[in-house]
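Engineer: I am attaching a structure below and will ask some questions about it afterwards.
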Protein chains: 2
Amino acid sequence: MASEVIVDKIAKEIAGDITWSDFPGKSMRKWREIFGVTQLVISKRMGISSSVLSDYEKGRRTPGSGFVKKFVRTLLEIDRERGYVIVKELARGQKLPPSALLDMREFPQKVLLKEVVEAVKGIVLYGSEKLDKQIYGYTVLDSIAAIESMTGQEFLSIMGLTTERVLVFTNVGTGRSPMVAVRVSFLKPGAVVVHGPKAVDPLAVKLAESDGIPFILSQVPDVQSLLNGLRGLLRKKENQ
Amino acid sequence: MASEVIVDKIAKEIAGDITWSDFPGKSMRKWREIFGVTQLVISKRMGISSSVLSDYEKGRRTPGSGFVKKFVRTLLEIDRERGYVIVKELARGQKLPPSALLDMREFPQKVLLKEVVEAVKGIVLYGSEKLDKQIYGYTVLDSIAAIESMTGQEFLSIMGLTTERVLVFTNVGTGRSPMVAVRVSFLKPGAVVVHGPKAVDPLAVKLAESDGIPFILSQVPDVQSLLNGLRGLLRKKENQ
DNA sequence: CTAGTATTTCGACTATTATCGAAACCTATT
DNA sequence: AATAGGTTTCGATAATAGTCGAAATACTAG
């Protein structure tokens with residue numbers, strides 16, 4: 001299956017292209033054509049009359065952001081049923097998420113670090129005074145795979161739009177190499193969470209300290225719970 | 001200066017994030033905070049009352065796509081005056097456009113290949129029967145710089161969202177290496193335009209032929225005219 | 001040229017956005 | 001506790017999106 005991360009990214013790019021365009025309607029048509037869908041088909045899906053789409057495409061009026069969202073969602077839905085043929089095509093130009101990348105999300109609004117700590121059942125090993133820091137997203141990496149397969153380049157590109165996010169490493173031995181990695185690549189995440197180690201290497205804590213990056217040990221039983229915890233927080237913020 | 005291409009890309013990403021969000025207002029607030037601007041400041045810039053922004057951020061109503069665009073544009077404008085401090089920060093996560101990248105744009109609507117040919121005063125060396133092909137954007141590369149400095153990775157990443165675009169090479173000797181490059185990296189642009197060569201290598205044409213990619217020789221006097229021609233087409237489409 | 005699709009056009013109505021301005025409400029800071 | 005900057009709330013109004021449906025066109029494959 002096309003990774004959800006990628007589909008999401010493409011969705012945003014399309015939505016952005018439409019919204020940023022001087023002529024949203026033209027861009028909508030462009031995307032509709034790229035996905036090879038007729039006005040009739042998509043309008044039926046969206047539960048509206050096809051003339052509505054025509055009116056937009058011809059610029060009689062401009063769509064609201066809600067409409068754009070629904071439109072893009074529908075395009076992607078249709079494509080999913082066709083086996084994501086177009087998404088796959090579009091994804092080719094994108095950098096693929098390295099297999100080490102388990103999840104990557106943006107929060108719809110700021111989240112406090114302490115909330116993330118809670119979501120991952122974390123113990124704060126350094127930075128307890130910074131728990132009110134704002135966080136805008138998270139990235140979850142499999143540290144073994146990351147170290148083996150990722151180049152420095154990829155490592156950088158993995159951070160989403162903002163660096164005000166939490167970097168979560170799973171599959172961690174002692175926590176040392178993740179912190180070293182963070183050190184050498186000069187990216188400064190808002191916080192680092194490690195999952196897995198029985199005992200945390202004191203040097204890791206020291207590194208975090210000297211970089212001023214809060215360092216958290218997650219205590220959930222397994223990776224799936226970790227991902228679920230974060231997703232849960234995301235969903236909560238979406239509906240809050 | 002931060003390259004226009006990058007700023008544009010970031011603009012789209014932000015617009016996409018807002019539009020795609022379940023709570024556009026929350027996302028707007030997030031971005032406003034990331035850019036470190038108060039409601040008062042930005043609303044004054046936009047020529048509206050600050051309560052309008054508050055209403056959005058609190059979800060009293062959801063913004064139209066026009067509003068989102070204006071909002072993002074204003075954020076970026078403010079940041080530009082501050083020396084693009086935030087954009088630079090955001091761009092760090094992005095892949096930088098290699099210096100070989102002279103321009104890269106998306107058309108707001110489909111454009112026929114023949115129109116592009118006209119815009120670059122091109123002679124069709126192969127593919128005259130495909131002039132009605134649809135094109136959605138263009139990428140202009142300095143071929144010398146490209147060959148010297150770009151890795152295969154970068155080469156791939158240079159194509160925008162769709163590959164239904166024209167790849168334009170400037171500074172071309174015989175047209176051979178650009179086509180070889182296109183050959184080896186498995187990207188298939190909608191057409192290739194070369195600018196510069198006195199005489200075109202027959203092998204280049206042959207390669208284009210066997211890949212089925214229209215191959216065009218531009219006859220404008222210099223690179224600037226080439227870029228202008230393409231920009232002109234873009235603008236025309238925007239206002240058409 | 002003819003069916004049959006797909007798209008465009010347009011008048012009409014309702015629901016929402018776009019916008020203001022004034023007053024109330026928060027924090028910090030003096 | 002008084003000042004001040006920032007934010008929220010809310011009633012009000014004009015403008016516009018959101019939507020339909022039917023008729024007019026355009027396009028395409030026989």
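The values are calculated or read from the model by the stated rules, or taken from the named source; none is laboratory data. This structure is a prediction, so every number in the text was calculated from the model and none was measured. Note that each Cβ is placed from the backbone with ideal geometry, even for glycine, and that neighbours are counted across all protein chains shown. When the accessible area is computed, the model is the full protein with side chains, heavy atoms only, and any ligands, DNA or RNA have been set aside. Shrake-Rupley method; radii C 1.70, N 1.55, O 1.52, S 1.80 Å.
Engineer: Buried accessible area between A and B (1.4 Å probe, both chains summed, ligands and nucleic acids excluded), in Å² to the nearest 100? Working shown, then result.
Structural biologist: Values: alone 12620 and 12580 Å², together 20750 Å².
Buried: approximately 4500 Å² between B and A.
Engineer: Please compute the Kirkwood hydrodynamic radius of the range A:4-93 from all pairs of different C-alpha atoms, in Å with one decimal. Write out the running numbers ahead of the final one.
Structural biologist: Values: mean 1/r = 0.0767 Å⁻¹.
About 13.0 Å for the range A:4-93.
Engineer: Also: What number do you get for chain B when its Cα radius of gyration is normalised by 2.2 N^0.38 Å, N = residues?
Structural biologist: Numbers: Rg = 20.8 Å, N = 240, 2.2 N^0.38 = 17.7 Å.
Normalised Cα radius of gyration, chain B: 1.18.
Engineer: Using a label point 7 angstrom from Cα along Cα-to-C-beta, what distances in nm, from shortest up, separate residue B:134 from the other copies?
Structural biologist: 4.1
Engineer: Still on this structure, please answer the following. Just counting partner chain Cβ atoms within 10 Å, what average do the residues of peptide B:29-35 show around their Cβ?
Structural biologist: Values: counts 3, 11, 3, 0, 5, 6, 0.
What the average comes to for B:29-35 is 4.
Engineer: Same structure again: Hey, can you find the accessible area per residue of chain A for me, probe 1.4 Å, expressed in square angstrom? Present the calculation step by step, with values, prior to reporting the outcome.
Structural biologist: Details: 10400 Å² over 240 residues.
For chain A, the per-residue accessible area is 43 Å².
Engineer: Tell me which DSSP H helices of chain B clear both cut-offs, 20 Å or more of axial length from alpha-carbon atoms and a mean Kyte-Doolittle hydropathy of at least 1.6. Please list the in-between numbers first.
Structural biologist: On the way: long enough: B:4-20 (23 Å, 0.36); B:65-81 (24 Å, -0.18); B:223-239 (24 Å, -0.54).
The qualifying helices: there are none.
Engineer: In nm, what does the list of distances from residue A:45 to its counterparts in the other copies look like, shortest first, when each label sits 7 Å along Cα to Cβ?
Structural biologist: In ascending order, 3.6 nm.
Engineer: Sequence-distant or interchain residues sharing an amide H contact under 5 Å with residue A:140, placed H: which?
Structural biologist: Distant-sequence amide H within range of residue A:140: A:102, A:103, A:104, A:168.
Engineer: If you wrap a convex hull around the C-alpha atoms of the protein assembly as shown and split its volume per residue, what is the figure in Å³?
Structural biologist: Numbers: hull volume 74.3 nm³, N = 480.
Convex hull volume per residue, Cα atoms: 155 Å³.
Engineer: Answer with one residue from A:84, A:196, A:168: the one whose Cα lies farthest towards the positive end of the charge dipole of chain A, charges on Cβ with Lys, Arg +1 and Asp, Glu -1.
Structural biologist: A:84
Engineer: If you don't mind, another one. Between chains B and A there is a rotation axis; tell me the chain B residue with the nearest beta carbon and how many whole Å away it sits.
Structural biologist: Value returned for chain B: B:16, 1.
Engineer: Taking each label point as 7 Å beyond Cα in the direction of the beta carbon, state the distances from residue A:211 to the same residue in the other copies, shortest first, in nm.
Structural biologist: 4.0
Engineer: So, one more: At 0.36 nm per residue, minus the direct Cα-Cα distance, what do residue B:70 and residue B:82 gain on full extension? Give it in nm, one decimal, please. It would help to have the intermediate numbers written out before the result.
Structural biologist: On the way: separation 12, 0.36 × 12 = 4.32 nm, distance 1.86 nm.
In short, 2.5 nm is gained.
Engineer: Taking the Cβ of residue B:45 as the centre, find all other residues whose Cβ is under 11 Å away and add up their charges (Lys, Arg: +1; Asp, Glu: -1).
Structural biologist: Surrounding charge for residue B:45 is +1.
Engineer: Among bridges DSSP assigns within chain A, what percent are antiparallel (round to 5)? List each step's numbers first, then the result.
Structural biologist: Numbers: 11 of 24 bridges.
In chain A, DSSP labels about 45 percent of beta bridges as antiparallel.
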